[in-house]
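Heads up, the thing below is written out as structure tokens.
The values are calculated or read from the model by the stated rules, or taken from the named source; none is laboratory data. Only a predicted model underlies this, so the values are computations on that prediction, with no experimental measurement involved. Cβ coordinates were reconstructed from backbone atoms using ideal geometry, including for glycine residues, and neighbour counts include every protein chain displayed.
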Amino acid sequence: MSASSKYFFVLFACVVSLTNCYVSKDPQRAEIKKLQKGIIKDDSSFVYQLPYEAGESHLLVQGYFSRYSHRNRAALDFKMKRGTKICAVRTGVVIRVKEDGDRGGWNRKYRSSGNMIVIQHEDSSRAGYWHLQLNGALVNVGDTVQQGQVIGLSGKTGYTLFPHLHFISWKSSRGQWGPVATRFQTDKGILYLRPFRNYRNSY
Ligand SMILES: [Zn+2]
């Protein structure tokens, strides 16, 4: 990641924030902030592996509840070139695959063209990996995948301005599915990720 492209994204996000003063009132947002800052300690939850190969580093351009397309979502956007290998963050079973989308751009009309993989974990939580390239799924529904296994190739399909991986994790509580923040093993320790930082997979 070059310094100039990092600054481009920081600048871009600032401009978007200025034009968009909405802040999510979701109580989960405040809790995630405390987890990110270490105000709430979490020593017991599962430690996820970053969704790319060991040794690689990528810039997180949007974090949980970022003011942009994530304002109501506990989701993560990792900037990466098309064709970057995507790895499973946790062992599980593939429950959904779409890889026939071949269009993408900054327009809602592209939303249904986004290629993705959804994996269910042993605790019944799920992880979704979005915007994969055409035919970019390297697994099929029903496959068991191991944590760290290469499952797909990143791209720019669906509703997105630039090539990146949109990652989201959900769990169900009392029959309602909702997004959850998860901690990751990084070169900076085990953390809840924050935007505009590079994180290396040091698993
Ligand atoms: Zn996203």
Original post:
With respect to the numbered conditions (1) on the phi < 0 side of the Ramachandran plot; (2) within 12 Å of the ligand (Cβ to nearest atom); (3) in contact with a Pro (Cβ under 9 Å, 6 or more places away or on another chain), which one is the sole condition not fulfilled by G128?
Top reply: (3)
**OP:** Scan the range 88-98 and give yes if some residue there is closer than 17 Å to S169 by Cβ, small (G, A, S) and at pLDDT below 95, otherwise no.
**Re:** no
Original post:
Somewhere in the range 120-129, is a residue in contact with a helix residue (DSSP H, G or I) (Cβ under 8 Å, 6 or more places away or on another chain), of a type in the set (G, A, S) and either part of a loop (DSSP other than H, G, I, E, B) or free of Cβ contacts under 8 Å to residues at least 12 places away in the same chain (or both)?
Top reply: no
Original post:
Which condition number does R174 fail, the rest of (1) at pLDDT below 95; (2) within 16 Å of the ligand (Cβ to nearest atom) being met?
Top reply: (2)
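Return yes when I117 is away from the ligand (no atom under 16 Å from the Cβ), surrounded by 19 or more Cβ atoms within 10 Å (Cβ to Cβ) and either assigned to a loop (DSSP other than H, G, I, E, B) or touching a residue at least 24 places away in the same chain (Cβ under 8 Å) (or both) and no when it is not.
no
For the range 109-137, give me the residue count where each residue is of a type outside the set (S, T, N, Q) and farther than 26 Å from K171 by Cα.
Summing the residues that are of a type outside the set (S, T, N, Q) and farther than 26 Å from K171 by Cα in the range 109-137 gives 3.
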**OP:** Could you tell me whether any residue of the range 79-92 is buried (at least 17 other Cβ atoms within 10 Å of the Cβ), closer than 24 Å to R29 by Cα, more than 12 Å from the ligand (Cβ to nearest atom) and of a type outside the set (D, E)?
**Re:** yes
Original post:
Restricted to the range 35-78, and to residues that are under 15 Å from H166 (Cβ atoms) and away from the ligand (no atom under 15 Å from the Cβ), which residue is surrounded by the fewest Cβ atoms within 10 Å (Cβ to Cβ)?
Top reply: Y52
Subject >> Residue under evaluation G148, criteria (1) more than 16 Å from the ligand (Cβ to nearest atom); (2) assigned to a strand (DSSP E or B), criterion not met >> reply: (2)
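Based on what the data block shows, is T157 within 16 Å of the ligand (Cβ to nearest atom) and either over 17 Å from L76 (Cβ atoms) or polar (S, T, N, Q) (or both)?
yes
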